[in-house]
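This report concerns only the one structure given below.
No lab work stands behind these numbers, since they all come straight from the coordinates. What you are looking at is a predicted structure, and each value in this text was computed from that prediction instead of being measured. So basically every Cβ, Gly included, is an ideal-geometry build from the backbone, and we count neighbours across all protein chains shown.
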Amino acid sequence: MSKKIIVVCDHIHQDGLDILEADNKIELINAADEPKDKLVSEIIPLADVAITRSSTDVDDAFLSSAKKITAVVRAGVGVDNVDIAGSSKQGIVIMNVPTANTIAAVELTMAHMLSCVRTFPYAHNNLKIDRVWRRQDWYGTELKDKKLGVIGFGNIGSRVGIRAKAFEMDVLAYDPYIDSSKATDVDVKYTKNFEDILVCDIITIHTPKNSETIGMIGKEEISKMKDGVILINCARGGLYSEEALLEGLTNGKIAMAGIDVFDKEPAIDHPFLDLDNVTVTPHLGANTKESQKNIAIQAAENAIAAAKGIAYPNALNLPIKENELPDFVRPYLELIQKIGHLSAQVTKSAVKSIKVMSSGPVADHLASMSTFATVGVLTESVGDQINYVNAEFVAEERGIKVSTEVKPNNSGFTNKVCLKLTTTEGTISIAGTVFDDNVQRIIEIDDYTLDVEPKGTMIFFRNTDTPGVIGDVGRIIAENGLNISDFRLGRDTKQQALAVVRVDGKVSKKILDELSSLDAFINVSHASI
Ligand code: 3PG
């Protein structure tokens, strides 16, 4: 059998390269130093498997050159620059190495926090580069007794919280997707109110990057912060609006920011670099010897397993080639995953159980549907680390009960799928089907019957069924500059109605506040898929 070719696209630790070199069934091409255009046009066409980091985009150009590739291993966590849907269509498995760099990211966050309070890089440069000994210029503040707001209390955020406690900080966690005991068990306070975070002395963010978290801190949020607040971002560029951050750093509202990640990388001409109140690093979150060694070893072993077709550890997608599933099933799998993702965003609280129900011939694929539904639900809280392989395990680890049920086919639809999500705050049931035109539709939300395509950004507004509400909802959305692309209404038997409004753009807190102030208001939520 001819050797399988593994192309290493970015720099990885030598221990990973050694593993690849030592395998006599593998030919290693180390292309980390090659220009990216040459990598894509000349080297990727040779590859059976590729190993990448954030410097190599798995985009249209990459995928159209990837003639033989069966798997791409992201040697790290983030897959923002990987076209997972496009890869799936080509039958390429995307795998990542999710937890090996946790400690590296945690410790870098602490380093930025300490650098900010002691203006460390500026004092350092003043002595070392300018040769100036002016102790009176470098008075910092202490972490002790300062209030630290941690947005996202998962793998990384919770460890930052624990370390901050060792510095005697008063730590407050905001994460609607965890049980509060995850914070209180480590002596960290917990809040469900985002406003509580905004009044902390130091704020650090550790969420995945998704439609809900992009721009999570913008002008409005910064205006509510304390004068002299310190902001840290060692997670993903774009979670804080860079424009708002720049304004706050320039007008003195924000005392210091510690930034490891940028909207566009490499960020060598970024305006932050001209400011004297920002500590910056070039995306070093995973750059420790320990983390890079572990990541490279796992990436190499997983790439070899994939090249030999033995296993696909931490697969983030389940590439389904058209001919391997009955044609009608795939849109149902995608639909139930979207329904799962929507339900988690709408309920925004710790999940207790996921129940997937189905009727019609598609019910033969209930086990796969349960996996896709679980991935959809957990994407909201777990982000890049959830995949079709670990979904069941992660659900079990979080105490989430996953079950399925075949339902009698009496709905009038050939096939119907339904997900019932139970959280600490209540339950939601969303059902859908796929019409002949292959378009997915949501047909029921709780007791409401409707017909809406699950797509883009959606607002769900529940109200008492009184005249004029549709006009008021439409007016508020339009007055806030959002274009409505679809407006659907469902009614139940209790004199209540549900409007599902698809909009082009981001739903601001102002819109939600204005909708909440309508007399007929019962509740409002929004989601993006
Ligand atoms: C990650 O997503 O794993 C980190 O952001 C590190 O990215 P890198 O592998 O490109 O350093």
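Given the pairs 4/355; 36/89; 189/293; 189/224, which span a C-alpha to C-alpha distance of over 30 angstrom in this model?
With Cα atoms farther than 30 Å apart: 4/355; 189/293.
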**Prompt:** Which of 424, 383, 356 sits farthest toward the positive end of the charge dipole of region 325-446, with +1 on the Cβ of Lys and Arg and -1 on the Cβ of Asp and Glu?
**Reply:** 424
**Item:** residue 185 paired with residue 519, simple spin-label distance in nm, labels 7 Å along Cα-to-beta-carbon
**Value:** 4.9
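Using 0.36 nm times the number of residues separating residue 199 and residue 34, minus their current alpha carbon distance, what extension gain do you get? Don't jump to the answer; show the numbers that get you there.
Details: separation 165, 0.36 × 165 = 59.40 nm, distance 4.71 nm.
Full extension of this stretch gives 54.7 nm more.
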**Message:** Which one, 480, 194, 414, is farthest towards the positive end of the dipole of the chain when Lys and Arg carry +1 and Asp and Glu -1 on their Cβ?
**Reply:** 194
**Value at 222 nm in deg cm²/dmol, rounded to 500, when DSSP H runs of n ≥ 4 in the chain each add -39,500 (n - 2.57)** = -9000 deg cm²/dmol
**Message:** Testing the spin-label approximation: label points 7 Å from Cα along Cα→Cβ at residue 131 and residue 353. State their distance in nm.
**Reply:** 7.5
**Complete:** To the nearest 0.05, the calculated FRET efficiency linking residue 464 and residue 510 through their beta-carbon distance, R0 being 25 Å, is 0.65
**Item:** Calculated on alpha-carbon atoms, Rg and Dmax of the chain in Å
**Value:** 24.7, 82
**Asked** Considering amide H positions built from the backbone, and no H for Pro or chain starts, which residues 5 or more places from residue 522, or on another chain, come under 5 Å of its amide H?
**Response** 462, 463, 464
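What number, in percent, do you get for the relative contact order of region 1-125 if the mean sequence gap of Cα pairs under 8 Å and at least 6 apart is divided by its residue count?
On the way: 175 pairs, mean separation 25.1, N = 125.
Reported relative contact order: 20 percent.
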**Computed E for residue 219/residue 14 - FRET, C-beta separation, R0 56 angstrom, nearest 0.05** = 0.75
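Report the gain in length on full extension from residue 450 to residue 310: 0.36 nm times residue separation, minus Cα-Cα distance, nm rounded to one decimal. Provide the component values of the computation, followed by the final result.
On the way: separation 140, 0.36 × 140 = 50.40 nm, distance 4.49 nm.
Computed gain between residue 450 and residue 310 is 45.9 nm.
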**Item:** Amide H contacts of residue 279 (H built 1.01 Å from N, under 5 Å, at least 5 apart or other chain)
**Value:** 257, 258, 259
**Message:** For the chain, give me the percentage of DSSP beta bridges that are antiparallel, rounded to the nearest 5 percent.
**Reply:** 50
**Prompt:** With contacts defined as alpha carbon pairs under 8 Å and 6 or more residues apart, what's the relative contact order of the chain in percent?
**Reply:** 12
**Complete:** Charge tally for neighbours of residue 86 with beta carbon under 11 Å away, counting Lys, Arg as +1 and Asp, Glu as -1, is -2
**Item:** residue 24/residue 289 FRET efficiency (R0 35 Å; Cβ-Cβ; nearest 0.05)
**Value:** 0.80
